[in-house]
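Some notes on the structure that comes next.
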Amino acid sequence: MSQFMQVLLSGLATGSIYALVAIGFTLVWQAAQTVNFAQGEFVMLPAFFVLAGMSFFGLPLWAALLLGLVASIVVLGILFKKLIVEPILPHGGITLIIATMALGILLKESVKEFYSAEAQPFASLVQSAHVDVLGAVLSLQDLVNLAISLTIVVLLTLFLNRTRTGRCMQATAQNPAVAEILGVNVKRMILYTFIINAALAALASFLITPIYLAKFSNGETLGLIAFIAAIVGGFNQIRGALVGGLLIGVLDNLTAAYVTAEYRAALPLVLLIGIILLRPQGIMGTSEGRTV
């Protein structure tokens, strides 16, 4: 029983980080009706902002994390929206999807070329320690990751549902034309969405990089798993992204512990196929009608 609890809680901790990245997919989809295939690289890059701040500017960890967060919001939020999304979006969603693929390659190769191709150690937010939870011995890092991730999701949900700005963002996502008629500043709401996505990517980077090290290729696997999590949970629902991320994290750990670790990488793809066949809108998603 203690082993099961250990596997379960560890899976929830990893899955909660997948959920943060998956929520980013959902937010960009709601704002621009497109898929950001550079999302994995958006999580990879903030860690190198932090490392650059510590290596080149001699900043302490807390200041480097703040620098990484601000740089991520500017580069991955504001500049991404202004320089890539706005000019390309009028030409069609497919064009923008291809552009995000190219951006992902550019970010990955730039980090490899200008920083390092080798994995870099990344300081943990907490000291290395273990905690006994219901007989299961868990790392303090996993528990902190789970607590921070779930807190962020709860705060984001409260912001979207309980504040005027959050409700305006949701109205913009549902119907931009009607929202603009009602006096909502649609462009500003979309910008806020991209800023939140960049901040979520940075926070996910700070949580997961101490576990997997900072490497230019980290975004490949993380982006794919988070994309699948968003589809499994429901691409048009933030709560769906949360459910999808947690589900994949738990199933991945259970498969590795009780079945085999050899094919754990195939589990998200198997789950994706099953969801597409049985419930295409995702576990928590809703069907969206289209006039043809």
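The values are calculated or read from the model by the stated rules, or taken from the named source; none is laboratory data. In this text the structure is predicted, and so the values were computed from the model without any measurement. Using ideal geometry, Cβ is built from the backbone for each residue, glycine included, and neighbour counts are taken over all protein chains shown.
Numerical summary
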item	result
Pair list, Cβ < 7 Å and 6+ apart or interchain, from segment 72-97 residues that are over 20 Å from V21 (Cβ atoms) to residues that are of a type in the set (A, V, I, L, M, F, W, C)	I88/L96; I88/A99; L89/A32; L89/L96; T95/I88
Failed criterion for Q30 (all others in (1) touching a Leu at 6+ places or on another chain (Cβ under 9 Å); (2) within 26 Å of V243 (Cβ to Cβ); (3) part of a helix (DSSP H, G or I) hold)	(1)
Qualifying residue in segment 180-195 (condition: farther than 30 Å from Y115 by Cα, free of Cβ contacts under 8 Å to residues at least 12 places away in the same chain and buried (at least 19 other Cβ atoms within 10 Å of the Cβ))	no
Among (1) more than 17 Å from A71 (Cα to Cα); (2) aromatic (F, W, Y); (3) under 12 Å from the mean Cα position of the chain (by Cα), the one test that F206 misses	(1)
Filter result (at pLDDT below 85 and within 21 Å of the chain's Cα centre (by Cα)) within segment 93-123	G93
Enumeration of residues in segment 60-70 that are surrounded by fewer than 18 Cβ atoms within 10 Å (Cβ to Cβ) and within 26 Å of F194 (Cβ to Cβ)	W62, A63, L66, V70
Output for segment 98-118, where each listed residue is of a type in the set (G, A, S) and loosely packed, with under 14 Cβ neighbours inside 10 Å	A102, A117
